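Visitor: A single structure is presented below for examination.
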Amino acid sequence: MNLKDLWKQSDLVLGLGTLLILGMLIVPLPGFILDLLIMVSIGIGLLILLTSLSVTEPSEFSIFPSILLITTLFRLALNVSTTRQILSKGPAMNSNVIEAFGSFVVGGEAGLGKYVVGLILFIIIMIVQVIVITRGATRISEVAARFTLDAMPQKQLGIDMELNNGSITEAEAKELRKKVKREVDFYGAMDGASKFVQGDVRAGLIITAINLVGGIIIGSSIRGESFITAIETYGKLTIGDGLVSAIPGLLSTTATGIIVTRSSSEKKLTLEIKDQLFGNAKTLYVVSGALALASLIPGLPFISLILLSSAVAYLGYSIEQIAKEEIKKIETASFEKTPERKPENYIKEINVEAIQVELGRDLLSLVDSSAGGHLLEQIASTRKKFATDVGLVIPAIRIVDNLEIPPDQYAIRINGVVVGQAAIKADKLMVMNNQKGQLEPIAGENFIEPAFSMPAIWIDPALKMEAENKGYSVVDPSTVIITHLKEIISNHASQLLGREEVKNLLDHLGQSHPTLVKELNFESQGRLAAIQQTLQNLLMEGLSIKNLPKIMESIANNFAKYQSPQPSFLSESVRQAISRQIVNDYLSADGKLHVVTVEGKIANVLIKSLMENEEKDSVLVLENTIRIKFLDAIANEYKKSMEEGRFLIFIVSKILRQPFAFFLAKEIPPRNFAVLSIEEVQRGIPTSIASTLTFSIRDEQPQNN
């Protein structure tokens, strides 16, 4: 197996390497192998340090915590092996690296003073590593892990909002979520890994003390060496062994400190140091001047300070010249590419979202999936349901936080205008009595449900089972918002169907009905507008437009018969074409159509009150006295239908249907009633007359002016 094949089996190599490290704790190693492993340890420390300097953000070095653990175990195994060599062989130890490091620190000459100095230098290095670097890196790791974990919900919320707003794709959102998770996992692992580094340094100090004390005892008592000779021998070996263990540990600890103190950046640390520390020539000039003044102080090295001052001044001058050249290049390029500065384009600033839900601070948890919020999923389901049931593709619903509204309040905007708002409890559950009759009371806070203005109660989640057992319907806060949002969208559906939405519907229809769409020729002047207004009229009365082929067939037939038919005429024609669908949607649970008829003389008065407006549409223009009585009678019928638990359906003649419906829509929410023409009720539909609309008109005459 060559080196390339071995590299491909990296998992095997890592497994064998870990087992060999554990074997080093037990099996004695010869000096030349120890020397090789010591240099490997130092090389790995350098590699880790340089890698930590080159990454742009900490999570790029995601294996760092695992590497720290493995290298720490490797150094401890080396410590055990070298300790075995020092204590068992003493002066006969054949590790050239340890002897070289020991001799370099204590010097080649004999004498206890040298060893004391070397020992002091070693202790200083260890103090710096333990107290300054290791402790600081450990503390920073703890803080970074806590802050990263605390910031995770806000980051997830921001990603969900951008996805919901359409700013990013699902794939981009998935990648951003992975990045956030990597950061949390990395800093959490670093918090634990820094404890290994701290333990490694402490273990190194203990092992060094054991080497020195144990060596002196063994040398003087067992090997018969003099006390001074034992101190010289084992002091040099102990210092050398401590250094070859401390240097890789110091490199790894420094890398740990660099990694955990790095904030996310687009540049490497070396480039940031160059740009931020040595990027200002004026600052370097000030430093140069300070050094030059310091050289005049008696006793300070004049030549050294002058040379250093000159070097710093030259560095500042070089940076200044480079900056001037860069500015000149930019100015030249700007002049060549943009000879004239164009005025700023603020067109994006006037964009208005079709649907926007604003949340107070306390409600943000409802969209945080990591905190159990599922408002975003409910919104996606709502858009899908509208497309399936109504045939209308709801525009993307933007969710934003609004600190200007009360913390427990939300607001719903349609085309930039607030059309609904309410205050809810994010940490409570709402219960309602949807049954006839009284239920046992339950502890909570009274509340008016925003969608249908029904009495409700906020209860503690712990009372959920009790509320269900008593017969209450239990609803979570997200569902309260969604129910309100559905009702508002249903009531304003016609406002959400613009030209672009209609064109998209027709383009989609063209894939399955190309001949029909071609016959519509909706790109001709005025036709797209007529189609849009026709569909808006249907939506305004709470009708579904999902049967788009049938609707467009009716519109195409009228386009063929008439030069430019009015949208009101097209709407009535479409209703005739889809009348069975309309009537079936209004059948009650018993399979019957319960209708309210209009008394004959009242119908005649209404017909005589019809007038054409500027758009050539028929509208009801009633004398004030008749209008008041008419509205009172409508209110009575509406109240009666609510008491009897049926949907209010009026049935009138074809000529009166549309003006009657549009007149009522100004007084009653469109989705709370329906107006059918007699011609729309197909033969065979079981119909029951629930009531008859009537009122006294006496001698009042409608005025048609």
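The values are calculated or read from the model by the stated rules, or taken from the named source; none is laboratory data. Keep in mind that this is a model prediction, so the values were computed, not measured. Here the Cβ is made from the backbone with ideal geometry for all residues, glycine too, and neighbour counts use every protein chain on show. SASA here: full protein model, heavy atoms, side chains in, ligands and nucleic acids out. Shrake-Rupley method; radii C 1.70, N 1.55, O 1.52, S 1.80 Å.
Visitor: For the range 543-580, give me the residue count where each residue is in contact with a helix residue (DSSP H, G or I) (Cβ under 8 Å, 6 or more places away or on another chain), in a helix (DSSP H, G or I) and not β-branched (Val, Ile, Thr).
Guide: Of the residues in that region, 22 qualify.
Visitor: Quick check on this structure: which one of Ala145, Ala110, Ala193, Ala137 is at negative phi, at pLDDT below 70 and in contact with a Leu (Cβ under 6 Å, 6 or more places away or on another chain)?
Guide: Working: Ala145 fails: in contact with a Leu (Cβ under 6 Å, 6 or more places away or on another chain); Ala110 fails: in contact with a Leu (Cβ under 6 Å, 6 or more places away or on another chain); Ala137 fails: in contact with a Leu (Cβ under 6 Å, 6 or more places away or on another chain).
Exactly one residue qualifies, and that residue is Ala193.
Visitor: Given the structure, is Asn537 without any contact (Cβ under 8 Å) to a residue 40 or more places away in the chain, open to solvent by 10 Å² or more (accessible area, probe 1.4 Å) and either in a helix (DSSP H, G or I) or not acidic (Asp, Glu) (or both)?
Guide: Values: without any contact (Cβ under 8 Å) to a residue 40 or more places away in the chain: no; open to solvent by 10 Å² or more (accessible area, probe 1.4 Å): yes; either in a helix (DSSP H, G or I) or not acidic (Asp, Glu) (or both): yes.
No; evaluated as a whole, the condition is false for this residue.
Visitor: With respect to the numbered conditions (1) buried (at least 17 other Cβ atoms within 10 Å of the Cβ); (2) out of contact with any strand residue (DSSP E or B) (no Cβ under 6 Å at 6 or more places or on another chain); (3) at pLDDT below 75; (4) under 30 Å from Ser381 (Cβ atoms), which one is the sole condition not fulfilled by Ile168?
Guide: (1)
Visitor: For the range 283-297, does any single residue satisfy the condition of being modelled with pLDDT of 65 or more and within 29 Å of Glu57 (Cα to Cα)?
Guide: First pass over the range 283-297, keeping only residues modelled with pLDDT of 65 or more: 283-297.
Filter once more, keeping what is within 29 Å of Glu57 (Cα to Cα): 283-284.
Within the range 283-297, one or more residues are modelled with pLDDT of 65 or more and within 29 Å of Glu57 (Cα to Cα).
Visitor: Have a look at Ile131, Ile127, Ile123 and point out the one that is at pLDDT 70 or above, over 46 Å from the mean Cα position of the chain (by Cα) and farther than 30 Å from Arg361 by Cβ. Working first, answer last.
Guide: Numbers: Ile131 fails: over 46 Å from the mean Cα position of the chain (by Cα); Ile127 fails: over 46 Å from the mean Cα position of the chain (by Cα).
Unique residue meeting the criteria: Ile123.
Visitor: Taking the conditions exactly as written (farther than 17 Å from Ala451 by Cα, part of a loop (DSSP other than H, G, I, E, B) and open to solvent by less than 60 Å² (accessible area, probe 1.4 Å)), does Ile399 satisfy them or not? Walk me through it before giving the result.
Guide: Details: farther than 17 Å from Ala451 by Cα: yes; part of a loop (DSSP other than H, G, I, E, B): no; open to solvent by less than 60 Å² (accessible area, probe 1.4 Å): yes.
So Ile399 does not fit the description; no.
Visitor: Select from the range 402-417 the residues that are assigned to a loop (DSSP other than H, G, I, E, B) and farther than 14 Å from His492 by Cα and write down the one among them that is most open to solvent (accessible area, probe 1.4 Å).
Guide: So the first thing to find is which residues in the range 402-417 are assigned to a loop (DSSP other than H, G, I, E, B), and the list is 402-408, 415-416.
Within this subset, residues satisfying the condition of being farther than 14 Å from His492 by Cα are 402-408.
Values: Asn402: 28, Leu403: 133, Glu404: 172, Ile405: 32, Pro406: 60, Pro407: 48, Asp408: 45 Å².
By that ranking, first place goes to Glu404.
Visitor: Is it true that some residue in the range 378-392 is of a type in the set (A, V, I, L, M, F, W, C), within 20 Å of Pro450 (Cα to Cα) and either surrounded by fewer than 16 Cβ atoms within 10 Å (Cβ to Cβ) or out of contact with any Gly (no Cβ under 8 Å at 6 or more places or on another chain) (or both)?
Guide: Applying the first criterion (of a type in the set (A, V, I, L, M, F, W, C)) to the range 378-392 yields 379-380, 386-387, 390, 392.
Then keep just the ones that are within 20 Å of Pro450 (Cα to Cα); that gives 379.
With the extra rule that they be either surrounded by fewer than 16 Cβ atoms within 10 Å (Cβ to Cβ) or out of contact with any Gly (no Cβ under 8 Å at 6 or more places or on another chain) (or both), the set shrinks to 379.
Within the range 378-392, one or more residues are of a type in the set (A, V, I, L, M, F, W, C), within 20 Å of Pro450 (Cα to Cα) and either surrounded by fewer than 16 Cβ atoms within 10 Å (Cβ to Cβ) or out of contact with any Gly (no Cβ under 8 Å at 6 or more places or on another chain) (or both).
Visitor: Within the range 565-596, restricting attention to residues that are in contact with a Phe, Trp or Tyr (Cβ under 8 Å, 6 or more places away or on another chain) and touching a residue at least 40 places away in the same chain (Cβ under 8 Å), which residue is farthest from Ile545 (Cα to Cα)?
Guide: Val596
Visitor: Moving on. List every residue pair whose Cβ atoms lie under 6 Å apart, where the two residues are 6 or more positions apart in sequence or sit on different chains, the first residue falls within the range 426-450 and is touching a residue at least 40 places away in the same chain (Cβ under 8 Å) and under 16 Å from Asp460 (Cβ atoms), and the second residue, located anywhere, is among the β-branched types (Val, Ile, Thr) and surrounded by 10 or more Cβ atoms within 10 Å (Cβ to Cβ).
Guide: Pairs that qualify, where the first residue is touching a residue at least 40 places away in the same chain (Cβ under 8 Å) and under 16 Å from Asp460 (Cβ atoms) and the partner is among the β-branched types (Val, Ile, Thr) and surrounded by 10 or more Cβ atoms within 10 Å (Cβ to Cβ), are Leu429/Ile459; Leu429/Val474; Met430/Val475; Met430/Val480; Val431/Ile457; Val431/Ile459; Val431/Val474.
Visitor: Considering only residues that are open to solvent by 90 Å² or more (accessible area, probe 1.4 Å), at pLDDT below 85 and assigned to a helix (DSSP H, G or I), which ones fall in the range 346-369?
Guide: If the condition is that a residue be open to solvent by 90 Å² or more (accessible area, probe 1.4 Å), at pLDDT below 85 and assigned to a helix (DSSP H, G or I), then Ile347, Lys348, Glu349, Ile350 are the ones that fit.
Visitor: Between a residue in the range 84-105 that is at pLDDT 75 or above and part of a helix (DSSP H, G or I) and any residue that is open to solvent by less than 60 Å² (accessible area, probe 1.4 Å) and of a type in the set (Asp, Glu), which pairs come within a Cβ distance under 6 Å, given they are 6 or more apart or on different chains?
Guide: Note: pairs meeting the criteria are Asn96/Asp35; Val97/Asp35; Ile98/Asp241.
Visitor: Is at least one residue of the range 54-75 among the charged types (D, E, K, R) and closer than 28 Å to Gly224 by Cα?
Guide: Taking the range 54-75 first, the residues among the charged types (D, E, K, R) are 57, 60, 75.
Filter once more, keeping what is closer than 28 Å to Gly224 by Cα: none.
The answer is no, given that none of the residues of the range 54-75 is among the charged types (D, E, K, R) and closer than 28 Å to Gly224 by Cα.
Visitor: Of all residues in the range 34-45, how many are surrounded by fewer than 14 Cβ atoms within 10 Å (Cβ to Cβ) and more than 16 Å from Leu20 (Cα to Cα)?
Guide: Of the residues in the range 34-45, 2 are surrounded by fewer than 14 Cβ atoms within 10 Å (Cβ to Cβ) and more than 16 Å from Leu20 (Cα to Cα).
Visitor: Based on what the data block shows, is Leu163 modelled with pLDDT of 70 or more and in contact with a helix residue (DSSP H, G or I) (Cβ under 6 Å, 6 or more places away or on another chain)? I'd like the intermediate steps shown before the answer.
Guide: On the way: modelled with pLDDT of 70 or more: no; in contact with a helix residue (DSSP H, G or I) (Cβ under 6 Å, 6 or more places away or on another chain): yes.
So Leu163 fails the test.
Visitor: Residues of the range 64-74 being open to solvent by 10 Å² or more (accessible area, probe 1.4 Å) and touching a residue at least 40 places away in the same chain (Cβ under 8 Å), which ones? Walk me through how you get there before you give the answer.
Guide: Pass one, the range 64-74, residues open to solvent by 10 Å² or more (accessible area, probe 1.4 Å): 65-67, 69-71, 73-74.
If the condition is that a residue be open to solvent by 10 Å² or more (accessible area, probe 1.4 Å) and touching a residue at least 40 places away in the same chain (Cβ under 8 Å), then Pro65, Ser66, Leu69, Ile70, Thr71, Leu73, Phe74 are the ones that fit.
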